[in-house]
Amino acid sequence: GAVVSQHPSWVICKSGTSVKIECRSLDFQATTMFWYRQFPKQSLMLMATSNEGSKATYEQGVEKDKFLINHASLTLSTLTVTSAHPEDSSFYICSAPDRLSSYNSPLHFGNGTRLTVT
Amino acid sequence: EDKVVQSPLSLVVHEGDTVTLNCSYEVTNFRSLLWYKQEKKAPTFLFMLTSSGIEKKSGRLSSILDKKELFSILNITATQTGDSAIYLCAVEDGGSEKLVFGKGTKLTVNP
């Protein structure tokens with residue numbers, strides 16, 4: 001079945017540094033990928049929609065200059081958390097629909113990245 | 001604004017019990033409703049529902065959608081400790097393909 005690979009699975013960084021998270025669709029092409037964030041004991045909140053070959057669209061309240069998204073190919077989207085702060089510590093998950101093989105296929109999730117900013 | 005409400009938020013049962021989890025929604029352009037199970041990491045897909053009244057079943061889990069009343073239920077029969085998890089309901093907006101998640105139901109199954 002369709003697989004989405006996310007890397008790294010966890011990362012610890014110092015405040016002020018930048019962290020890049022990669023999301024790859026392994027056996028299908030994804031023109032769209034979604035980035036979610038999940039704080040402890042809360043649900044997944046959509047941050048942005050990554051569009052191959054064009055700019056990402058951000059949800060209200062998400063700073064586009066802080067969370068840089070690049071979708072340079074049909075199988076790779078990256079999320080860079082710039083100048084990370086402790087309040088950015090969270091679980092980040094990407095997902096992608098495999099619409100080319102089946103219009104009704106559900107979103108496939110990566111395994112998530114646990115970011116801790118010290 | 002699209003909205004998904006799950007109830008209860010938390011549920012504690014004993015092994016062997018049957019549970020019903022609820023999900024109601026409001027969405028501008030409904031495409032599908034999905035149920036996911038989340039343990040320690042990313043959610044794993046359970047069901048995708050697009051049509052009213054058709055029950056989807058997988059082992060001890062089943063789910064059904066009512067598009068007129070805008071809700072879905074997830075049933076788990078003969079619960080086991082391995083069913084302990086957060087169960088997430090999400091609705092897909094057909095226009096944007098975005099998934100809007102509910103807050104989840106935390107199910108704890110005690111031996």
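Rank these by accessible area, largest first, 1.4 Å probe: A:His71, A:His108, A:His7.
Ranked list, largest accessible area first: A:His7, A:His108, A:His71.
Lone cysteines in chain A, defined as no other cysteine's Cβ under 4.7 Å from theirs: which are they?
A:Cys13, each lacking another Cys Cβ under 4.7 Å.
Net charge within 14 Å of A:Leu68 by Cβ-Cβ distance, Lys/Arg positive one each and Asp/Glu negative one each, not counting A:Leu68 itself?
Every neighbour counted, the sum reads 0.
Using a 10 angstrom Cβ neighbour count of at most 13 plus a DSSP loop assignment to flag exposed trypsin sites (Lys or Arg not before Pro), which longest range of chain B is free of such sites?
With trypsin sites (Lys or Arg not before Pro) excluded where exposed in loops, chain B gives B:69-111 as its longest stretch.
Can you tell me the relative contact order of chain B? Whole percent, Cα pairs under 8 Å, sequence separation 6 or more.
So the answer I get is 37 percent.
Dipole size in debye (nearest 20) for the protein assembly as shown around its Cα centre, Lys and Arg Cβ +1, Asp and Glu Cβ -1?
320 debye
Work out the length of the dipole vector of chain B about its Cα centre, built from +1 on the beta-carbon of each Lys and Arg and -1 on the beta-carbon of each Asp and Glu, and round it to the nearest 20 debye.
Approximately 200 debye in magnitude.
In debye, nearest 20, what is the charge dipole magnitude of chain A about its Cα centre with +1 on Lys and Arg Cβ and -1 on Asp and Glu Cβ, if you could check?
With only Lys, Arg, Asp and Glu charged at Cβ, the dipole is about 160 debye.
Compute the longest continuous run of chain B that contains no exposed GluC sites (Glu not before Pro); treat a site as exposed when its DSSP state is not H, G, I, E or B and it has at most 13 other Cβ atoms within 10 Å.
No qualifying site falls inside B:70-111, the longest such stretch.
Restricting to Cα pairs below 8 Å that are 6+ residues apart, what does the relative contact order work out to for the range A:5-118? Please round to a whole percent.
36 percent
As a test of the definition: with a 1.4 Å probe, what buried accessible area, both sides summed, do you compute for A against B, in Å² to the nearest 100?
1600 Å²
The values are calculated or read from the model by the stated rules, or taken from the named source; none is laboratory data. Bear in mind the structure is a predicted one, so any value in this text is a computation, not a measurement. Here Cβ is always computed from backbone atoms with ideal geometry, including for glycine, and neighbour counts include all displayed protein chains. Heavy atoms of the whole protein, side chains included, go into the accessibility calculation; ligands, DNA and RNA do not. Shrake-Rupley method; radii C 1.70, N 1.55, O 1.52, S 1.80 Å.
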